[in-house]
Amino acid sequence: MATHGRAAKTHVGRVEARGLCTQCGTCAGTCPTGAIEMRWELRHGWRVVVDDGRCNDCGACLEVCPGESFDFLPAAPWRERNAGAPSPDFLGPWRGLWFGWAADPDVRHRGASGGVATAILQSILTKGAPGEDGERVPVDAALCARVDRENALAVRPALASTAAEAAACQGSKYNAVAMNELLAHVRATTGAYVLVGLPCHIEGLRLAQQRSATLRERVVLALGIFCGWTAEPRATELVARRAGLDPQDLATVSYRGPGWPGEMRLVTRSGIGRRRPYPDYFGRLMGAYTPPRCRLCPDALAECADVSVGDAWLDRFTDDPAVADGVSDVIARTPVGERLVAELAADHRLTLLPATPAEMVASQTEAVRIKRRVLRGRLWLRRLAGRPVPDYPGLDVEPSLADEAAGLRDAAEERLFRTVGDLRFR
């Protein structure tokens, strides 16, 4: 029998039932009995389903779940990698800050924001990654995300073992993905791996590594992708319907690129195509279809990663034709990440410009609004309604009156545009 509500004290069915699942897939990727499945649903994303017959009530899934709580205190175990690094609020721990892009013009143009993540992956898969002791570690595969070949409304985790396979996963995916399901493959298959993920995926990885020596040894690098909010599959369906396409007939979906800021490309099996410019298509309608837990997440910049990357939203880049083909914020957070970025710059794979903490935060003004003011307001609203909220030791989540107003406005807009979307596109 499968459930997502039984035995609330012993497995992640509790987290799902309380509306706190991040859909990261860490529980499914690390369950010792294989009792947990991430089941795709159009109007939800990836739902945790627990097989009661296989679950032995060990509680391991709760230990690796970032949904109910994540520790941001200075003594948190994941911060051991960041010892001695400054760690300001929102920006998180850092050892090096740059604005950058892939030196290869083609990689840069095809990327969502300068091709930095792809350049890093292609270098690692070709030359290996720097190890903690300075030695090079040959990497067998990267854990990436790609649009499902059979169902273009879904995004699934995928293994990339060559530079060409990494390029095939290039570009943002504004759709929920249970990336950490692939930790089951890592546990079962000897090798060295790089995980590319959103903040929730990296948080789940770090919690899993606390209890698994195998994952500590085999996942040699975590590459974090900035994230404001992701979206449920229903959001992609609505964009397709607004474009006059049958969502069930979609063959491919591309959310960003080529060029910056890029566009969404939808192509049906019969070859009909539509394009929608970014960020125009990701407006309040699509943004209303966000997994509930995303609106309660404080981490925009993947603070637990070795290296974090994301769009640099600064006028000096967006208005300058010389650098307008995509520029990323690049944050090295650990010694391994710092060595990797330095090597890529020395090998002329990345072009980097030094950045200050103030410039880095200024490039993320909308993320700051979402992940601080709106976050505190949404947490306040849930507490007011008697609904469970995640615990974030080390973060100030007490709302001001302005935060409460921001939370109310965000909740009202979410409900309004969800209602509009459901009425117009049933």
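The values are calculated or read from the model by the stated rules, or taken from the named source; none is laboratory data. Keep in mind the model is a prediction, meaning the values are calculated, not measured. Here the Cβ positions follow ideal geometry from the backbone for every residue, glycine too, while neighbour counts run over all protein chains shown.
Table for the structure above
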| quantity | calculated |
| --- | --- |
| Condition check for Thr236: closer than 20 Å to Pro157 by Cα, at pLDDT 95 or above and among the hydroxyl-bearing types (Ser, Thr, Tyr) | yes |
| Residue check, Thr190 farther than 24 Å from Ser161 by Cβ and not in a helix (DSSP H, G or I) | no |
| Hey, Asp306 within 28 Å of Thr334 (Cβ to Cβ) and either among the hydroxyl-bearing types (Ser, Thr, Tyr) or in contact with a strand residue (DSSP E or B) (Cβ under 7 Å, 6 or more places away or on another chain) (or both) or not | yes |
| Pairs where the first residue, in segment 386-408, is in contact (Cβ under 8 Å) with a residue 24 or more places away in the chain and more than 13 Å from Lys371 (Cβ to Cβ) and the second is among the small types (Gly, Ala, Ser) and part of a helix (DSSP H, G or I), C-beta under 8 Å, 6+ apart | Glu404/Gly377; Ala405/Gly377; Leu408/Gly377 |
| Filtered residue count, segment 128-172, keeping only those that are out of contact with any helix residue (DSSP H, G or I) (no Cβ under 8 Å at 6 or more places or on another chain) and of a type in the set (Lys, Arg) | 2 |
| Matching residues, segment 205-247, being under 30 Å from Ile124 (Cα atoms), charged (D, E, K, R) and either assigned to a loop (DSSP other than H, G, I, E, B) or touching a residue at least 60 places away in the same chain (Cβ under 8 Å) (or both) | Arg206, Arg211 |
| Neighbours by Cβ (under 7 Å, 6+ apart or cross-chain): first from segment 133-152, modelled with pLDDT under 95; second crowded, with 17+ Cβ neighbours inside 10 Å | Arg136/Pro130; Val137/Ala129; Val137/Ala192; Val137/Val220 |
| Some residue of segment 181-193 being out of contact with any strand residue (DSSP E or B) (no Cβ under 6 Å at 6 or more places or on another chain) and aromatic (Phe, Trp, Tyr) | no |
| Residues of segment 83-132 satisfying the condition of being buried (at least 17 other Cβ atoms within 10 Å of the Cβ) and among the hydroxyl-bearing types (Ser, Thr, Tyr) | Ser113, Thr118, Ser123 |
| Lone qualifier among Val420, Val336 - being assigned to a helix (DSSP H, G or I) and within 30 Å of Ala102 (Cα to Cα) | Val336 |
| Within segment 248-301, tally of residues that are out of contact with any Phe, Trp or Tyr (no Cβ under 9 Å at 6 or more places or on another chain), part of a strand (DSSP E or B) and not basic (Lys, Arg) | 10 |
| Pair list, Cβ < 6 Å and 6+ apart or interchain, from segment 295-317 residues that are of a type in the set (S, T, N, Q) to residues that are part of a loop (DSSP other than H, G, I, E, B) and at pLDDT 95 or above | Ser308/Leu301; Ser308/Ala302 |
| Entirely in segment 1-115, the helices (runs of 4 or more DSSP H) that have 1 or more residues that are of a type outside the set (Gly, Ala, Ser) and at pLDDT 95 or above | 13-17, 26-30, 60-63 |
